[in-house]
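All remarks here apply to the structure that follows.
Values in this text are rule-based calculations from the coordinates and carry no lab data. What you see is a predicted model, and the numbers here were worked out from it, not measured in a lab. Note that each Cβ is placed from the backbone with ideal geometry, even for glycine, and that neighbours are counted across all protein chains shown.
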Amino acid sequence: MKKEDVRVCILRVGGTNCDVETKRAFTELGVRAKVYHINQVLKQRVLQNSEALVIPGGFSYGDYVRAGAILAKGLLAKLGKDLERFIDEGKPVLGICNGFQVLVEAGLLPGFNGMGSHPEAALATNIPVGYRCRWVYLRHENRGNCVFTSKVSRGAVLKIPIAHAEGRFIFPRDKERRYLEKLYENDQLVFRYCDEDGEYAEGRYPINPNGSFHDIAGICSPTGTIFGLMPHPERAYYGWQLPDWTRMGSPPTYGDGRLIFESMVDYVVKSF
C-alpha cells in the first residue's frame with residue numbers, strides 16, 4: 001500500500017484532547033488522518049474504510065466511573081463486531097493515555113486470550129495521588145513483537161511527557177506474577193519507566209511517576225497490533241516540543257515520539 005493511501009481514524013468524544021496534535025503527527029508522515037466523532041464512525045462505516053485506529057488522550061466523558069470505562073463500554077456495545085473484525089484483519093489500534101485506559105477497560109489489553117469480555121488489568125489512581133504533567137524516560141523492552149516500536153532499538157531510552165491522574169498500571173494482586181510472566185513470554189511488555197541512563201525506576205518516585213507495577217508504561221497485545229501507553233508521543237513529535245531544547249542552541253528536527261507514529265505507518269504500508 002502507498003503511504004498516501006493509508007487512512008487513519010482518530011476517535012473523538014466529549015472530553016478528548018490532543019486529537020488534533022495526533023492528526024498532525026500522521027499528516028506530517030504523509031498519510032490521510034482524520035478526526036471522527038464516535039457518531040460519525042457509527043454512521044459512516046469509518047472503521048471498514050480505515051487501515052488504523054487511534055484513541056487519543058483526554059478525559060472521555062469526564063472519566064466518570066473510572067478513567068476510560070464509559071467509552072470502552074460504548075465501543076464494545078456499538079462497534080463490537082466491527083472492532084473485532086478490524087482487529088482480526090491485523091489493523092493496528094493505538095491508545096494514548098486515556099486511549100490506553102479505554103483499551104484496558106475494553107479487555108483489548110493485555111488481551112492474553114484475545115478480545116476479552118472483562119478487564120484483566122487496570123490503570124488506577126496515581127501514587128502519590130495527584131495529576132502528573134511532566135517529562136519521563138522510557139526504556140524500550142520489546143523484542144520485536146510490537147509493530148509500533150519497530151523503529152526503536154531494544155534497550156533504547158525515549159523521552160516523552162505524561163499527563164494523567166490515573167496511570168498506575170496494575171494486575172489483580174493474586175495474578176500479578178503469573179500475568180507478568182505472560183507479558184514477557186508473549187513479548188507484550190513495551191515500555192518501562194527508567195531514568196535518563198536507562199536504569200529501571202524500581203518503583204522510585206518521580207522516575208516512576210505513578211506507582212505502576214513493574215514500572216510498566218506501555219504494553220501491546222499478543223499479536224503486537226494493539227498498543228497502549230500512558231505517555232503522549234504526539235507531544236514529543238517535534239524537537240521544539242522538548243522542554244530543554246534551548247540548552248542545545250537549536251532544537252532537533254524531531255523528538256522521540258515520532259518513532260512510534262513512524263513505526264505504525266511503516267507496518268500499515270508493508271502489510272496492506
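What's the exposure ranking of ARG139, ARG173, ARG66, going from fewest to most Cβ atoms within 10 Å?
Arranged by neighbour count, lowest to highest, ARG139, ARG173, ARG66 become ARG173, ARG66, ARG139.
I want to verify the translational diffusion coefficient of the chain in µm²/s; compute it with Stokes-Einstein, Rh as the Kirkwood radius over Cα pairs, at 25 °C and 0.890 mPa s.
For these conditions, the coefficient is 134 µm²/s.
So which GluC sites (Glu not before Pro) in the range 196-237 pass both tests, a DSSP loop state and at most 13 other Cβ atoms within 10 Å of the Cβ?
Values: sites: GLU196, GLU199, GLU202, GLU234; in loops: GLU196, GLU199, GLU202.
Here the sparse-neighbourhood loop sites are GLU196, GLU199, GLU202.
Expected output is a single nm value to one decimal: the length gained when fully extending between ASP244 and GLU196, i.e. 0.36 nm times separation in residues minus the C-alpha distance. What is it?
15.9 nm
Cα gyration tensor of the range 9-105, axes a ≥ b ≥ c as square roots of the eigenvalues: rounded (a/c below 1.5), prolate (a/b > b/c) or oblate?
Since a/c reaches 1.5 but b/c is at least a/b, the shape of the range 9-105 is classed as oblate.
Considering the options ILE127, TYR36, PHE26, tell which one lies farthest towards the positive end of the dipole of the chain, charges being +1 on Lys and Arg and -1 on Asp and Glu at the Cβ, about the Cα centre.
With unit charges placed on the Cβ atoms, the residue in question is TYR36.
Could you put ILE55, ILE127 in order, starting from the residue whose Cβ has the fewest other Cβ atoms within 10 Å?
In increasing order of surrounding Cβ atoms, one gets ILE127, ILE55.
Hey, got the dipole for the chain? About the Cα centre, +1 on K and R Cβ, -1 on D and E Cβ, debye to the nearest 20?
I would put it at about 620 debye.
Could you list ARG204, ARG258 in order of exposure, starting from the residue whose Cβ has the fewest other Cβ atoms within 10 Å? Please report the intermediate quantities before stating the final value.
Details: ARG204 12, ARG258 20.
Arranged by neighbour count, lowest to highest, ARG204, ARG258 become ARG204, ARG258.
With a ≥ b ≥ c the root eigenvalues of the C-alpha gyration tensor of the range 44-165, is it rounded (a/c under 1.5), prolate (a/b larger than b/c) or oblate?
oblate
Quote the relative contact order of the range 14-85 in percent (integer), defining contacts as alpha-carbon pairs under 8 Å separated by 6+ residues.
Contact order relative to length: 37 percent.
Extending each Cα 7 Å along its Cβ direction at ARG85 and ARG24, get the distance between those two points in nm, one decimal.
3.5 nm
Show that you can apply the helix-only estimate: for the chain, add -39,500 (n - 2.57) for every DSSP H stretch of four or more residues, divide by all residues, and state [θ] at 222 nm to the nearest 500.
-8000 deg cm²/dmol
Between GLU185 and LYS270, what is the spin-label point distance in nm, taking each point 7 Å from the Cα along the Cα→C-beta axis?
According to this spin-label approximation, the distance is 2.7 nm.
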